[in-house]
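This report refers to the structure that appears directly beneath it.
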Amino acid sequence: INLTQGNVLSLTNYVFDIFGLEYALPLITGNKVTLSTIDQFKEEEVLSHQIIQQTPGTLFQLADKYPDDLGSAVCLVGGEALTPAIAKKLIPAFK
């Protein structure tokens, strides 16, 4: 998987340090970054992005709302603990 070749869906607030990576990496490699929030993004945004970098809680909300749309995305998880309970609920969304 080449993480420098893919559009990124960013739901991260700009005040967090990881936001720099979320917007800079796709732009300097000629890709697209979509800035949105967990409350405002649309299903087509999930489908048209190859990379989604989120906290486990936010990723769980995405998987819960769009259980069949995350299977082809590379999801980078960080920023908070990934509990076994959340991991168990996320695994089916990526098969």
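The values are calculated or read from the model by the stated rules, or taken from the named source; none is laboratory data. Everything numeric in this text was worked out from a predicted model, so none of it was measured. Every residue, glycine among them, receives a Cβ derived from its backbone with ideal geometry; neighbour counts consider all protein chains shown. Calculation scope for accessible area: heavy atoms of the full protein, side chains included, ligands and nucleic acids excluded. Shrake-Rupley method; radii C 1.70, N 1.55, O 1.52, S 1.80 Å.
What the table below lists for this structure:
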quantity	calculated
Amide hydrogen neighbours beyond the local backbone of Val33, cut-off 5 Å, H modeled	Val8
Within-11-Å neighbourhood charge of Ser48 [Cβ basis; K, R +1; D, E -1]	-2
Calculated from backbone phi, Karplus (6.51, -1.76, 1.60) coupling profile of region 67-74 in Hz, x at Gly/Pro	x, 9, 9, 9, x, 9, 8, 8
Accessible area (Å², per residue) of the chain, counting only protein heavy atoms and a probe of 1.4 Å	62 Å²
Rounded to 5, percent antiparallel among DSSP beta bridges of the chain	0 percent
Reciprocal mean inverse distance between Cα atoms of the chain - Kirkwood radius, Å	13.4 Å
Accessible carbon and sulfur surface of the chain relative to its total accessible area, %, 1.4 Å	56 percent
For Phe41, solvent-accessible area (1.4 Å; no DNA, RNA or ligand), Å²	10 Å²
Karplus-derived 3J(HN,Hα), 6.51/-1.76/1.60, for each residue of region 26-40, Hz, glycine and proline x	x, 5, 6, 9, x, 9, 10, 10, 10, 8, 8, 10, 4, 8, 10
Extension reserve of the Asn31-Val15 stretch, reckoned as 0.36 nm per residue once the Cα distance is removed	3.5 nm
